[in-house]
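Enquirer: Before anything else, here's the structure in question.
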Amino acid sequence: MNTKIVKTDENHIDDIAIKEAGEILQKGGLVAFPTETVYGLGGDALNADSSVKIYEAKGRPSDNPLIVHIASMDALPAIVKEIPKEAYLLAEKYWPGPLTMIFRKSDAVPLTTTGGLETVAVRMPSHKVALALIEAAGGYVAAPSANRSGRPSPTLARYVIEDLDGRVDMIIDGGEVNIGLESTIIDLTEEKPVILRPGYITEQMLAQALGEVETDRTLMQQHADLAPKAPGMKYRHYAPKGSLVIVEGREEAVVPYINAQLSEAKAEGLKSGVIATEETKDAYLADCVKCAGSRQDEEAVARSLFRILREFDEEEVQVMYAEAFPRDGVGQAIMNRLLKAAGYHVITV
Ligand code: AMP
Ligand code: MG
């Protein structure tokens, strides 16, 4: 398949390109596009065949459901059985934005889109290119992250091209994304709202809007006996090619510990890397030290994490260490992604 690559940014939307992309989606084709979280791989959410094509293009297991993207609240009733009052409260505050809500699905949504579930995940993104594309496509775009399954979610079009060139009809390059981590997912189909995936919209922000919210217990540690409630969270994500270990503790202990490990790696002739912060980056002796940003600015850390994991792969780093982050606020989402990338390998010093 020949993949057409077009550029457009939020401030100057190329209407002709968006119209063409919308037509591709309406005809059952695939278009990768920027959102504020990460790039998405879009197909018509109400077309069962399009969803099958998405799974194929990503190499994604078909029991891992897709998120349906809408551009206005008017689009919601047609795809869900009921809209709980919590959904209105959250939509009021956080839509458009990086929050996905789980509803009971209506018959309009094919089971291929929901990975066989009777529930559907819905998000209204805030990225203007995404919103224009959803409108042009007829209102419902199923879109998982635009990476090959198991790779870090793409934060730049370059990475989408790397993973999906030749596998999709069009890639829209809208520059670097803003947030860099996938949306927060909250399930509204149970008695109490439950967070199934942490993200930029934090537990505290959700609790502020709803009162009490729970977090799926499987998110921050490995539970051999429990499956996560979001089917996708059970798969090892973002696995870098080398080994990754997270080192948790006070800075005065973490830096020397990592440096000692780096010397060992060097002695064994292994290429090493560290995910450091602005505060510590000059203290490490690794072959590749990547600064994720300042500890004072966790949003910057979130934005750079997936890019750094991809850079380590590009540079063929074999042994990697990452500093840990506080497990609350945006840090919870950063640690959730880091833990998955590290296969939950954490050392406390
Ligand atoms: P991605 O689009 O790559 O960010 O993946 C979508 C995520 O949403 C996966 O982790 C899915 O398991 C999760 N998801 C989508 N639909 C549902 C649903 N109906 N119930 C629970 N989780 C869902
Ligand atoms: Mg994904």
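The values are calculated or read from the model by the stated rules, or taken from the named source; none is laboratory data. Note that this is a predicted model, so its numbers are computed, not measured. Note: ideal-geometry Cβ built from the backbone for every residue, glycine included; neighbour counts use all protein chains shown. Quick note on the areas: whole protein, heavy atoms, side chains included, nothing else; ligands and nucleic acids left out. Shrake-Rupley method; radii C 1.70, N 1.55, O 1.52, S 1.80 Å.
Enquirer: Please tell me if residue 129 is at pLDDT 95 or above, in a helix (DSSP H, G or I) and either within 15 Å of ligand 2 (Cβ to nearest atom) or of a type in the set (Gly, Ala, Ser) (or both).
Expert: In short, no.
Enquirer: For residue 113, all conditions in the list (1) touching an Asp or Glu at 6+ places or on another chain (Cβ under 7 Å); (2) within 16 Å of ligand 2 (Cβ to nearest atom); (3) open to solvent by less than 50 Å² (accessible area, probe 1.4 Å) hold save one; what is the number of the exception?
Expert: Answer for residue 113: the failing condition is (1).
Enquirer: Return the residues of region 165-186 that are crowded, with 21+ Cβ neighbours inside 10 Å and within 28 Å of residue 83 (Cβ to Cβ); say none if nothing qualifies.
Expert: Within region 165-186, 179, 181, 182, 183, 184, 185, 186 qualify.
Enquirer: Go through region 169-188 and count every residue that is assigned to a loop (DSSP other than H, G, I, E, B) and within 11 Å of ligand 1 (Cβ to nearest atom).
Expert: 4
Enquirer: So the check is Cβ under 9 Å with 6+ separation or different chains; which pairs have a first residue in region 15-43 that's more than 21 Å from residue 96 (Cα to Cα) and a second one that's modelled with pLDDT under 95 and assigned to a helix (DSSP H, G or I)?
Expert: none
Enquirer: Of the conditions (1) touching a Pro at 6+ places or on another chain (Cβ under 8 Å); (2) buried (at least 21 other Cβ atoms within 10 Å of the Cβ), residue 213 fails just one. Which one is it?
Expert: Among (1) touching a Pro at 6+ places or on another chain (Cβ under 8 Å); (2) buried (at least 21 other Cβ atoms within 10 Å of the Cβ), residue 213 violates only (2).
Enquirer: When region 251-278 is examined, which residues are found to be over 18 Å from residue 349 (Cα atoms) and assigned to a loop (DSSP other than H, G, I, E, B)?
Expert: Answer for region 251-278, where residues must be over 18 Å from residue 349 (Cα atoms) and assigned to a loop (DSSP other than H, G, I, E, B): 268, 269, 270, 271, 278.
Enquirer: Any chance you could count how many residues in region 185-230 are among the hydroxyl-bearing types (Ser, Thr, Tyr) and either modelled with pLDDT of 95 or more or touching a Lys or Arg at 6+ places or on another chain (Cβ under 7 Å) (or both)?
Expert: So the count comes out to 3.
Enquirer: Let me ask something else. Restricted to region 56-75, and to residues that are buried (at least 20 other Cβ atoms within 10 Å of the Cβ) and farther than 26 Å from residue 299 by Cα, which residue is farthest from ligand 2 (Cβ to nearest atom)?
Expert: That would be 57.
Enquirer: Another question about this same structure. Only one of 116, 150, 166 is more than 12 Å from ligand 1 (Cβ to nearest atom), part of a loop (DSSP other than H, G, I, E, B) and not polar (S, T, N, Q). Can you tell me which?
Expert: 166 is the lone residue from the list that is more than 12 Å from ligand 1 (Cβ to nearest atom), part of a loop (DSSP other than H, G, I, E, B) and not polar (S, T, N, Q).
Enquirer: Somewhere in region 162-172, is a residue within 16 Å of ligand 2 (Cβ to nearest atom), touching a residue at least 12 places away in the same chain (Cβ under 8 Å) and under 28 Å from residue 104 (Cα atoms)?
Expert: Checked against the condition, which is being within 16 Å of ligand 2 (Cβ to nearest atom), touching a residue at least 12 places away in the same chain (Cβ under 8 Å) and under 28 Å from residue 104 (Cα atoms), region 162-172 yields no hits at all.
Enquirer: May I pose another question? Looking only at region 216-242, which residues are over 20 Å from the mean Cα position of the chain (by Cα) and open to solvent by 60 Å² or more (accessible area, probe 1.4 Å)?
Expert: Answer for region 216-242, where residues must be over 20 Å from the mean Cα position of the chain (by Cα) and open to solvent by 60 Å² or more (accessible area, probe 1.4 Å): 224, 225, 226.
Enquirer: For the condition modelled with pLDDT of 95 or more, more than 20 Å from residue 27 (Cα to Cα), buried (at least 24 other Cβ atoms within 10 Å of the Cβ) and of a type outside the set (Phe, Trp, Tyr), what is the one hit in 161, 102, 134?
Expert: The unique qualifying residue is 102.
Enquirer: Shifting gears a bit: Scan region 191-218 for residues that are within 11 Å of ligand 1 (Cβ to nearest atom) and in a loop (DSSP other than H, G, I, E, B) and jot them down.
Expert: 199, 216
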